[in-house]
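These notes concern the structure reproduced below.
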Amino acid sequence: MGKLQDKVALITGGASGIGAATARLFVAEGAKVVLVDLNEDKGKAFEAELKALNADALFIKANITSEEEVAHIFKQAVEAFGKVDIVFNNAGIGRVHSSHDLDYAEWRNTVNVDLDGVFLVAREAIREMLRTGGGTIVNTASMYGWVGSPGSAAYNAAKGGVVNLTRSLALEYAGQNIRINALCPGFIDTPIIPEESKQELAAITPMKRLGQADEMATAVLFLASDDSSYMTGSSLIVDGGYTAQ
Ligand SMILES: NC(=O)c1ccc[n+]([C@@H]2O[C@H](COP(=O)([O-])OP(=O)(O)OC[C@H]3O[C@@H](n4cnc5c(N)ncnc54)[C@H](O)[C@@H]3O)[C@@H](O)[C@H]2O)c1
């Protein structure tokens, strides 16, 4: 029996990168998956790929920055599968930009997706889990929630916010059987990292390579499943040694 047998997992940013790799692993562990993403083409194609493997998968196009759309996602997930046990709160964006040239609109957009959106999804997840009696939430922060870097002030501020949002929500719901932890990836080989930066980022990583999305998925499975049953409010840094420097 899989580690997530009969569980329903909702994954934002589920059409690509870390979210998609996690969906594949969750399905292999027996979960039904709800994939949420802005990218409809990728999302639908991935839903079809999982269904071809006989998995229960549902793609929903939605923007995590919209309160209405986030509420609707959970409604649709419950209609389809009856409940939501696990939420991988993972959708995010990132761009490198000098701070003195950063438009306020771009700052707002980054914080809106990477922090406000994470809150909106977590809030709806908690509402659903209070209804059913519990669950687990894994928020994707970043190693840049722990250390700074030049040229990513908005992203890093938002990710630091996710780390402390995770602690605060975890404390608030620890008594209600809802565990909330964060994943803090290092440089992972996904479409969010520009091709031309990959070599340089590998070179500044102690393990001298980028991480693979599959190596995040195993960490998310740990945080989402009973394997981490005594963990809440924690951040799991999986970064090839970067923040140990
Ligand atoms: N790849 C890395 O090096 C790295 C490092 C640290 C943290 N992260 C974080 O991991 C998470 C996943 O990123 P990834 O590397 O898999 O990148 P990715 O670009 O492959 O996946 C992100 C997905 O999120 C979706 N998305 C973006 N904004 C959205 C919105 N408003 N509503 C719904 N969906 C939206 C995108 O369409 C995309 O499919 C992000 O939160 C990212 O910040 C990535």
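Quick note: the coordinates plus some simple rules give every number you see, no bench work behind them. This one's a predicted model, so the numbers in the text were calculated from it and none came from an experiment. All Cβ positions, glycine included, derive from the backbone under ideal geometry; neighbour counts span all protein chains shown.
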Most fluctuating residue given options Glu69, Glu49, Glu195, as computed from a GNM of the chain linking Cα atoms under 10 Å: Glu195
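Tell me, what does the Kirkwood hydrodynamic radius of the stretch 4-77 come to in angstroms if you use every pair of distinct C-alpha atoms?
Roughly 11.9 Å, rounded to one decimal.
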Between the stretch 63-129 and the stretch 179-207, the alpha-carbon center distance in angstrom: 21
Under 5 Å, built H, 5+ apart or other chain: amide partners of Val87: Leu10, Thr136, Ile137, Val138
Mean ellipticity per residue at 222 nm, deg cm²/dmol - from DSSP H runs of n ≥ 4 across the chain, formula -39500 (n - 2.57): -13500 deg cm²/dmol
Ellipsoid equivalent to the stretch 111-173 - semi-axes via the Cα gyration tensor, in Å: 25, 11, 7
Kirkwood estimate for the chain, i.e. one over the average of 1/r between Cα atoms, Å: 17.9
Top of Tyr104, Tyr230, Tyr155 by mean-square fluctuation, Gaussian network on the chain, Cα under 10 Å: Tyr230
HN-Hα J in Hz across the stretch 175-180 - Karplus 6.51, -1.76, 1.60, θ = phi - 60°, x for Gly and Pro: x, 10, 6, 10, 9, 10
Local electrostatic count at Met207 - Lys and Arg +1, Asp and Glu -1, tallied over other residues with Cβ under 13 Å: -1
